[in-house]
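Colleague: Below you will find the structure I want to go over with you.
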Amino acid sequence: MRKRMWTLIGVLALIAAACAGSGTSTTAPPGDTTPSTQATSTTAAPPGTEATEPPAAPVTIRYFTFSAAPDHLDDLDAMIAAFEAENPDVTVEVETAPFDEYFSKLRTQIAGGDAPDAFELNYESFVDFASKGTLADLSSMMASDESLDPSVYYQRALEAFNLDGTQYGLPESYSTVLLFYNKDLFDQAGLEYPTEDWTWADEKAAAKTLAGLGDDVWGFFAGIHFWEFYKTAAQNGCSFFTDGQVTIDQPACVEALQYMLDYVDEGIQPTAAEMGGVSDGDMFVNGQLGMITTGIWMFSAFESAPFPWDVQVEPGNTEKATHFFANGVAVSADSDRQEAAYRWLRFFTSSPEAAKIRVDASWELPTLTDESLYDSYLAIEPPANREVVLKSLEYAIVPPVIERQAEMQDAVNALLERAVAGELTAQEALEQAKTEIEALLK
Amino acid sequence: MHALGWGLLTVAAATMVFPFAWSVSTSLQTKEALLRIPPQLIPESPSLDSYRELAQVMPLGRIVLNSAIVTLFITVLQVVTSAMAGYGLARFRFRGRHGLFLVYLGTLMVPFQVTIVPLFILMRWFGWINTLQALILPGIASAFGVFLFRQFFLQMPAELEEAAALDGAGPWRTFWSVAFPYARPATATHGILAFMASWNAFLWPLFVARNENAMTLPVGLASLHGRYETDWNLVMAGSVIAVIPVIVAFAVVQRHMSPELLVGGPR
């Protein structure tokens, strides 16, 4: 028995040696073999060495992303290959995590002193990270970068990643939300297709007619949550904050929420129970929804729909407002390879090569002013009316952001859920939201 | 009465098996077939395409190997350290053994979220981020395992040890030849728990792994979830691969967990 035990321990030790060995041999880039020991040794060495002889010393930078996995890893690799061809002294290593866990991992890495050199942030989390001093100031690097013309970026996109006059990030991509419609159902109901000057009233009238087409057909779907709500409120001229005051309970906001709730109450939009666990996107593909308000990221998923469909800019009420979901990229304040990391991010966000790869792959859209970059994107069908994606930028609004963003979203979402369930009226839900948001601002 | 019992058991078994059957069925269908209404439990044209695609989108072999290595080490080491510590606490009289045991139990109360950043810093200090060692080392000791084995060894008849002592066995020999074999049901129970916990572990491996060097199966599967949509056939194919070792482990170990072995004694 004892002998066998020792044999077993011996075998385990051999496997350990083997896996440690293969671990180092499979990694191609020279800097990668023992990443963290290398990191500690470079921190031990004076950081000035890199600055004095930039072309000579090859560096490996770590880039952490959520938007590339699982569908766009090949596209990211292609961009990196193009970057490394131009910058032979820099090797980019990619790390990914699913969006739901991305920020826990990033925070642990930053707290643990193992922050990636460059990483992706969505607009909502950007404010939090920038105000906590975890991001490097890019202003001086951008100012001394002769090959950069800041006007290649959409001005509003660049400003979104500027906090109190300091540029902490570069705009990487944006995404927006449109009104999608099922042409077959519109034809069956004898309705005209949506136009750009549609208003809420037109949308609702059409949705009512569409809902009458059958028992398992509904006219319209839009999620009733934080994201849809601040935009719908903006379409009614209401915003969560006005001059530093919380104004989420203003009549225009209440009216907007009531408008959203009415769709469900009047049976035009399916309830969660009626959906039975099927996602809204899947219901649209199944031909059960006449219209759906959802993101342009659903284009590829809707390609499999067995009916013709198209898109239109969302209707507004007193004004038009559309989503501007922006992702940006930033350099870690702790990184000792900030210059190389900045060079990669500049290439990644603004070079025509990277933009072309991104556009061709429909991996969101770059925030660049050169319209010719979008040609290949606009040529793809469906939807035929794809140019409304760019048109939506004219009405783009950024989400309301506070430092305790996640808590605000959770609070608003919980209250909206109770309003959908009929436990609170629109007025009550938003009055309570105001109280809770004010508590978060203290 | 008999028929009723069978009936109830059949319903219970069907309820348990149904989710698994559905994941197997989902993994054998194409993405398009999944959206059909009503959903099909038995696929019209089953195919292994999901499994092939899964192997293309991630280095599946490497990831499964990582999971297997980590799980094997953690399970074996955790059982050995728990059995030894439990034996020591149960059968040796030394000053402070009760206090020591309470400290062990106390660690069960500390949530993992509290220790995760210090542990991460420690692993970084060792230079072990993105290595399998960083996944294995924090898992080799288990306070619950110590507790389980201690309770088991407390019930062990003293005659067994006395007989070993008469044959001239020292404490080391007594542990390996008498006590540890006696604790087979505890070994089986804790072994399967440790196996499942480390095979399914997600948060810590997610934080430690940077790439496929240290990526385990649950982390790999999570990476299939897109921000906006998910290919469920791929996720289910991965889940089926992930659940097979657990079923096999149960089938193998179940025999040793049978209740009559829990009341062994001098024979």
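Colleague: Kindly write out, for the stretch A:371-386 in residue order, the coupling ³J(HN,Hα) from the Karplus curve 6.51 cos²θ - 1.76 cosθ + 1.60 (θ = phi - 60°), rounded to whole Hz, with x marking Gly and Pro.
Modeller: 5, 5, 5, 8, 3, 5, 5, 5, 6, 6, 10, x, x, 5, 8, 4
Colleague: B:LEU48 to B:HIS256: extension gain in nm, 0.36 nm per residue of separation minus the Cα-Cα distance?
Modeller: Taking B:LEU48 through B:HIS256 to full extension adds about 71.4 nm, to one decimal.
Colleague: Sum up the charges of everything whose Cβ sits under 14 Å from the Cβ of A:GLU319, counting Lys and Arg as +1 and Asp and Glu as -1, but leave A:GLU319 out.
Modeller: Once all neighbours under 14 Å are counted, the net charge is -3.
Colleague: Within the stretch A:396-438, list the GluC sites (Glu not before Pro) lying in a DSSP loop whose Cβ has at most 11 other Cβ atoms in a 10 Å radius.
Modeller: Within the stretch A:396-438, the qualifying GluC sites (Glu not before Pro) (loop, at most 11 other Cβ atoms within 10 Å) are A:GLU423.
Colleague: Another one. With a sphere of radius 12 Å drawn around the Cβ of A:ILE380, what net charge do the other residues whose Cβ falls strictly inside it have (Lys, Arg +1; Asp, Glu -1)?
Modeller: Net of charged neighbours comes to -4.
Colleague: Right, another one. Amide H of A:ALA333: which non-local residues (sequence gap of 5 or more, or other chain) have their own amide H closer than 5 Å, using H built in the peptide plane?
Modeller: A:LEU135, A:ALA136
Colleague: If you take each beta carbon of peptide A:98-107 and count the beta carbons of other chains within 10 angstrom, what is the mean?
Modeller: So the per-residue partner count for this stretch is 4.
Colleague: Please give the average number of partner chain Cβ atoms lying within 10 Å of the Cβ of each residue in B:123-132, rounded to a whole number.
Modeller: 6
Colleague: Would you work out the relative contact order for chain B, in percent, from Cα pairs under 8 angstrom that are 6 or more residues apart?
Modeller: In percent, rounded to a whole number, it is 31.
Colleague: Mind checking the dipole of the protein assembly as shown: about its Cα centre, +1 per Lys or Arg Cβ, -1 per Asp or Glu Cβ, Debye to the nearest 20?
Modeller: The dipole of the protein assembly as shown has a size of about 5120 debye.
Colleague: Given springs between every Cα pair under 10 Å in a Gaussian network model of chain A, which of A:ALA273, A:ALA143, A:ALA234 has the largest fluctuation?
Modeller: The residue that fluctuates most here is A:ALA273.
Colleague: If you take each beta carbon of peptide B:114-120 and count the beta carbons of other chains within 10 angstrom, what is the mean?
Modeller: Per-residue shielding by partner chains comes out at 3.
Colleague: As an exercise, use a Förster radius of 41 Å and the Cβ-Cβ distance of A:ALA57 and A:ASP370 to find the FRET efficiency, rounded to the nearest 0.05.
Modeller: That gives a FRET efficiency of 0.75.
Colleague: Setting aside same-chain residues fewer than 8 positions from A:LYS208, which lysines have a Cα under 23 Å from its Cα?
Modeller: A:LYS183, A:LYS231, A:LYS320
Colleague: Whole-Hz ³J(HN,Hα) for each residue in the stretch A:68-77, computed from phi via Karplus 6.51 cos²θ - 1.76 cosθ + 1.60 with θ = phi - 60°, x for glycine and proline: what do you get?
Modeller: 7, 8, x, 8, 10, 5, 5, 5, 5, 4
Colleague: Same structure, new question: List every residue whose amide H lies under 5 Å from the amide H of A:GLU314, counting only residues 5 or more places away in sequence or on a different chain, with H placed 1.01 Å from N in the peptide plane.
Modeller: A:LEU179
Colleague: Using 0.36 nm times the number of residues separating A:MET275 and A:ASP187, minus their current alpha carbon distance, what extension gain do you get?
Modeller: In short, 29.3 nm is gained.
Colleague: Please find the FRET efficiency linking A:ALA111 to B:TRP6, where r is the Cβ-Cβ separation and R0 is fixed at 60 Å, and quote it to the nearest 0.05.
Modeller: 0.60
Colleague: Give me the distance in nm between label points sitting 7 Å out from Cα along the Cα-to-Cβ direction at B:LEU108 and A:ASP89, one decimal.
Modeller: Result: 5.8 nm between the two label points.
Colleague: Under a Cβ-Cβ cut-off of 12 Å, what is the net charge of the residues other than A:ALA207 that fall near it, where Lys and Arg count +1 and Asp and Glu count -1?
Modeller: Summing Lys/Arg as +1 and Asp/Glu as -1 gives -2.
Colleague: With charges set only on the Cβ (+1 for Lys and Arg, -1 for Asp and Glu), what does the dipole of chain B come to about its Cα centre, in debye to the nearest 20?
Modeller: With Lys and Arg at +1 and Asp and Glu at -1, about 720 debye.
Colleague: Right, something else. In the stretch B:60-131, which trypsin sites (Lys or Arg not before Pro) are in a loop and have at most 14 other Cβ atoms within 10 Å, using DSSP for the loop call?
Modeller: Passing sites in the stretch B:60-131 are B:ARG93, B:ARG95.
Colleague: Still on this structure, please answer the following. Among B:GLN113, B:ALA194, B:MET58, whose Cα sits farthest toward the positive end of the charge dipole of chain B (+1 at Cβ of Lys/Arg, -1 at Cβ of Asp/Glu, about the Cα centre)?
Modeller: Checked the options; the winner is B:GLN113.
Colleague: Same structure, new question: Give me a comma-separated list of calculated 3J(HN,Hα) values for the stretch B:67-73, in order, Karplus coefficients 6.51, -1.76, 1.60 applied at θ = phi - 60°, integers in Hz, x for any Gly or Pro.
Modeller: Residue by residue, the stretch B:67-73 yields 4, 5, 4, 4, 5, 4, 4 Hz.
Colleague: For the pair B:GLU229 and A:THR318, how long in nm is the line joining their label points, each one 7 Å along Cα→Cβ?
Modeller: For B:GLU229 paired with A:THR318, the spin-label model returns 3.7 nm.
FYI, it's all coordinate maths here, none of it is from the lab. Predicted model only: the values in this text are computed from it and were never measured. Cβ: placed from backbone, ideal geometry, glycine included. Neighbour counts: every protein chain shown.
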